[in-house]
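Colleague: Would you mind keeping the following structure in view while I ask a few things?
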Amino acid sequence: MIASAADFKREPLHLSTSGSFNVLPTLALGLVIAWGGQHRTLLSIVMASVAAGLAYILDDPLMYGFYGALVPTALLLAIKCQGILWSLPAVLCLLINTRSSILVRAMEFETYPLLALSTAFAAPLIGLWLLRQTFTFKVWPVQHWGYWFYPGHLAALQALRFLV
């Protein structure tokens, strides 16, 4: 049987079944924005402005959206300056995670959404604090054990979610 043009419905083209791009476009735009904020030449500022505009336009399909593209710049500012700017990446990470129904569920005092939003807020603060520490232990080089880290940590998170 041969399908005719009438058999096909006009639906928007989706690159994935999740309805959003993977994290790489968000990271790429975020790094261009951070690069523009770091170097402050005419070219870097123009490129950062274009990247920010693209991130704003593509807010819906971008994983983590417009605010996610601003996180690298916020972290760069927080590393350079101490004080109140440390809260900027934390607030952005919190805003990133309010795009779904998690905020409504957190306002109803459900445990998992409260923990997720608290973790999103605390993670950049903990990371910035750890950057300022001096450690004396050796970090293992990533060799073949690193291939199993990503699927292993996803399995551990799923097991934790199942237990809670």
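Colleague: Looking only at 84, 57, 45, which one moves most when the chain is put into a Gaussian network model with springs between Cα atoms under 10 Å?
Modeller: Answer for the Gaussian network model of the chain: 84.
Colleague: Length gain on complete extension for the stretch residue 132 to residue 45, per 0.36 nm per residue less the alpha carbon to alpha carbon distance? Intermediate values should be presented prior to the final figure.
Modeller: Numbers: separation 87, 0.36 × 87 = 31.32 nm, distance 2.89 nm.
Full extension of this stretch gives 28.4 nm more.
Colleague: Further, regarding this structure: Describe numerically, in nm with one decimal, the distance between label points set 7 Å from Cα along Cα→Cβ at residue 108 and at residue 56.
Modeller: Between residue 108 and residue 56, the simple spin-label model gives 3.5 nm.
Colleague: When the Kirkwood radius is taken over all Cα pairs of region 17-133, what Stokes-Einstein diffusion coefficient follows at 4 °C and 1.567 mPa s, in µm²/s?
Modeller: Details: Rh = 15.0 Å.
Estimated diffusion coefficient is 86 µm²/s.
Colleague: What ranking do 138, 80 get, fewest neighbouring Cβ atoms within 10 angstrom at the top?
Modeller: Arranged by neighbour count, lowest to highest, 138, 80 become 138, 80.
Colleague: Here's a follow-up. Once you charge only the Cβ atoms, +1 for Lys and Arg and -1 for Asp and Glu, what is the size of the charge dipole of the chain about its Cα centre, to the nearest 20 debye?
Modeller: Magnitude of the dipole: close to 460 debye.
Every read-out reported here was derived from the displayed coordinates using simple, explicitly stated rules and does not represent laboratory data. Everything numeric in this text was worked out from a predicted model, so none of it was measured. Don't worry about glycine lacking a Cβ; one is built from the backbone with ideal geometry, like all the others, and counts go over all protein chains shown.
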